Amino acid sequence: MLKGDITQAPVDAIVNAANPSLLGGGGVDGAIHRAAGPQLLKACQAVEAKNGIRCPTGQARITTAGKLKARHVIHTVGPRYHIDPTPEQLLSLAYKNSLELAQLYQCRSIAFPAISCGVYGYPINEAAEIAVSTCQHSSFKHLNIYFYLFQQTTFDAWERLVP
Ligand code: APR
């Protein structure tokens with residue numbers, strides 16, 4: 001469990017809590033793009049878009065990482081808690097699809113932010129339960145998984161589950 005800025009994570013893949021356009025935003029999305037530099041936006045723009053959507057909610061896309069230490073950025077889109085249907089399933093899918101992409105690209109380590117716990121309004125304790133139980137699935141046991149939690153509230157929620 002870590003508390004800190006995910007843009008500094010010394011891992012193979014950093015997960016970005018993005019929106020379906022993959023064109024950047026605020027929160028951790030903004031922080032990752034600022035730290036990675038404009039090459040990251042270029043890499044995102046190269047991802048195929050259908051009606052402006054490059055990454056549907058619950059799915060994940062992988063790009064290079066610009067100036068970041070990491071090899072890859074895995075962009076995933078979490079559910080908007082009060083808008084998207086079945087937010088639990090979609091949040092779990094966002095973690096699962098990110099982990100599967102990391103495995104596909106032979107990553108040994110991956111860092112997650114608290115997906116959907118900011119602008120997308122997911123209740124933090126519920127999000128922590130879903131994140132930790134999805135990541136603890138046996139198919140991901142060979143991956144070193146880190147959670148970079150930027151606020152004390154999110155850190156405490158994850159800490160309760162993974163002492
Ligand atoms: N490192 C780690 N975590 C961070 C950082 C950072 N540098 N900056 C913010 N966070 C945390 C927030 O405190 C929150 O707990 O990331 C968590 C996710 O919050 P958001 O970034 O708001 O992401 P989300 O809730 O999934 O909303 C996604 O916000 O930024 C836009 O383009 C993004 O439209 C998308 C939406």
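The values are calculated or read from the model by the stated rules, or taken from the named source; none is laboratory data. Keep in mind that this is a model prediction, so the values were computed, not measured. Note that each Cβ is placed from the backbone with ideal geometry, even for glycine, and that neighbours are counted across all protein chains shown. For accessibility, only protein heavy atoms count, side chains too; no ligands or nucleic acids. Shrake-Rupley method; radii C 1.70, N 1.55, O 1.52, S 1.80 Å.
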Quick check, is Ala114 open to solvent by less than 70 Å² (accessible area, probe 1.4 Å), at pLDDT 95 or above, within 20 Å of Phe150 (Cβ to Cβ) and touching a Lys or Arg at 6+ places or on another chain (Cβ under 9 Å)?
-> no
Failed condition for Val162, given (1) at pLDDT 95 or above; (2) within 21 Å of Ile14 (Cβ to Cβ); (3) more than 16 Å from the chain's Cα centre (by Cα) = (1)
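Suppose the filter is within 12 Å of the ligand (Cβ to nearest atom) and either hydroxyl-bearing (Ser, Thr, Tyr) or surrounded by 16 or more Cβ atoms within 10 Å (Cβ to Cβ) (or both); does Val28 pass it?
Details: within 12 Å of the ligand (Cβ to nearest atom): yes; either hydroxyl-bearing (Ser, Thr, Tyr) or surrounded by 16 or more Cβ atoms within 10 Å (Cβ to Cβ) (or both): yes.
Yes: the conditions hold for Val28.
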From (1) more than 11 Å from the ligand (Cβ to nearest atom); (2) open to solvent by 30 Å² or more (accessible area, probe 1.4 Å), pick out the condition that doesn't hold for Gly58.
-> (2)
State all residues of segment 130-163 that are of a type in the set (A, V, I, L, M, F, W, C), over 23 Å from Ile32 (Cα atoms) and open to solvent by 30 Å² or more (accessible area, probe 1.4 Å); if no residue qualifies, say none.
-> Leu161, Val162
